[in-house]
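Working notes for the structure below.
The values are calculated or read from the model by the stated rules, or taken from the named source; none is laboratory data. Not measured: the values here are computed from a predicted model. So basically every Cβ, Gly included, is an ideal-geometry build from the backbone, and we count neighbours across all protein chains shown. Note: areas computed on protein heavy atoms with side chains; ligands, DNA, RNA excluded. Shrake-Rupley method; radii C 1.70, N 1.55, O 1.52, S 1.80 Å.
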Amino acid sequence: MAPDNAATISVLDFRRRGMVLHWHALGGTWTACDNPPLLVHGIALIRVSQPNICVYGHAGRLRLQVGPKQYALAENSPRINCTRGLASFGFRRRFTVESSTGGMLYSYAYWTNQHHDFFRWLATKAEDPDWRVTCGRQWSEGRAATVLRAV
């Protein structure tokens, strides 16, 4: 679907990059695509528990969505962190989204696994202002799913 329909956006599943999803921005939910489109507009982390998380481009801006809550990622946007717990020898991490004024918007503690870590990937990428601008533009226009899978 084209990104001009802000309610439904085609995105890749972070864990199963061969799977394209319809991300429903109004509630932070998703459905599988029966006929995957050629272009996708972001990446989502789908989990059984806790809210689903999606990073997508819409109208030239990069957006982070945690469940139904949406945040624009720009110059003065919420700060995204992924830190290691000292007492757990780094195996326990905490992902946080903080407002630009310092208030906590979202916090999630989890144990690391041997697979790619979406939270760490997002925290690292979101620090780069060029990445936020470039992805906002590219994902708004749509990227070929095969290109985005290689990111």
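Results, tabulated for the structure shown:
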| read-out | value |
| --- | --- |
| Within the chain, percent of DSSP bridges classed antiparallel, to nearest 5 | 95 |
| List ASP130, ASP34, ordered by accessible area with a 1.4 Å probe, largest first | ASP34, ASP130 |
| Placed amide H near MET19: partners under 5 Å, 5+ positions off or other chain | ASP13 |
| Angle between the chain longest axis and helix 129-141 axis [Cα atoms, degrees, rounded to 10] | 30 |
| Order of exposure, largest accessible area first, which applies to TRP131, TRP111, TRP30 with probe 1.4 Å | TRP111, TRP30, TRP131 |
| Label zone at THR29 (point 7 Å along Cα-to-Cβ), backbone N below 20 Å, the range 60-82 | 65-71 |
| Computed over the chain, the ratio Rg/Rh where both radii use C-alpha atoms and Rh is Kirkwood | 0.95 |
| Per-residue ³J(HN,Hα) for the range 27-38, Karplus 6.51 cos²θ - 1.76 cosθ + 1.60, θ = phi - 60°, Hz, x for Gly and Pro | x, x, 10, 8, 9, 6, 8, 6, 10, x, x, 6 |
| Modelled FRET efficiency - R0 35 Å, THR112 with MET19, Cβ distances, 0.05 increments | 0.95 |
| Farthest positive-ward along the chain dipole, Cα basis, beta-carbon charges - from THR8, ALA123, VAL55 | ALA123 |
| Solvent-accessible area per residue for the chain (1.4 angstrom probe, square angstrom) | 55 |
| Heavy-atom SASA rank of ASP117, ASP13 (probe 1.4 Å, accessible area, largest first) | ASP117, ASP13 |
| The range 46-61 - phi-based ³J(HN,Hα) in whole Hz, Karplus 6.51/-1.76/1.60, Gly and Pro as x | 9, 10, 5, 10, 6, x, 6, 10, 9, 10, 8, x, 8, 6, x, 10 |
| Theoretical ellipticity at 222 nm over the chain - DSSP helices of four or more residues, -39500 (n - 2.57) apiece, nearest 500 | -5000 deg cm²/dmol |
| Cα-projected label distance for THR8 with ALA59, points at 7 Å along beta-carbon direction, nm | 2.1 |
| Cβ-Cβ FRET estimate between LEU38 and GLN70, R0 fixed at 25 Å, reported to 0.05 | 0.50 |
